Amino acid sequence: MAEAQTHDALTQVLIANDGEVLARLRLSAAEAARVCNVTPRQLIYWTKKGLVKPSSNGDHDYDVFAMEKVIRIRQALEKGHSLEKAAQLVQREMGTLQAEAKRLDEMAPDALEDELRARLERLESRINELRRALPASLTIARLRKAVAVLARLDAQGALDGSQANGDSAKAVALRLGRAIDELEMLLREVQPVGV
């Protein structure tokens, strides 16, 4: 019982200090690659190309901001973008996020509360729309399985030359994969803490 209480107390301290912990966290290239689900060779290559920068303190460790960029580049590559296009997309996303964070940081507390409340209402509305639009039996896991089947067929060459309303099956599979990613991201954003 005492261990559980200690764990809970430590959890509260970590939550209270998460900004400082994240700002100080540094991982070696091998550790960062493992966390980001890329190979150390990929991470070093991306670093040499200037797509990712190690921590600014002079050593060759990677901070959480660099690792976030690596994860986003990897995700863009998984969606079919070239490395250069993925890096451009991620750079644009990160710039947008920084500008939005600065805008929110400069808002008065009442205005910030109103903004966040409005965003929450929009997300809840969107979730309700999605729930009404998708049949209950159509789960994300089943959608992922369908995308995996399409990817396997594509790797076997079975989709070459096939058409579906003017779109190639490869393009349909890619668009479906992106839609599933967006749906999962939306659901993660609004899922209650502890679920």
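Annotations for the structure displayed:
- Of the residues making up region 62-116, those that are assigned to a loop (DSSP other than H, G, I, E, B), of a type outside the set (A, V, I, L, M, F, W, C) and without any contact (Cβ under 8 Å) to a residue 60 or more places away in the chain are HIS81, SER82, GLU106.
- Some residue of region 121-137 being more than 23 Å from ILE180 (Cβ to Cβ) and either modelled with pLDDT of 85 or more or among the acidic types (Asp, Glu) (or both): yes
- With respect to (1) at pLDDT 85 or above; (2) surrounded by 12 or more Cβ atoms within 10 Å (Cβ to Cβ), the lone exception for LEU104 is condition (1).
The values are calculated or read from the model by the stated rules, or taken from the named source; none is laboratory data. This is a predicted model, so every value here is computed, not measured. Because the Cβ atoms are built from the backbone with ideal geometry, glycine has one as well, and the counts that use them run over all protein chains shown.
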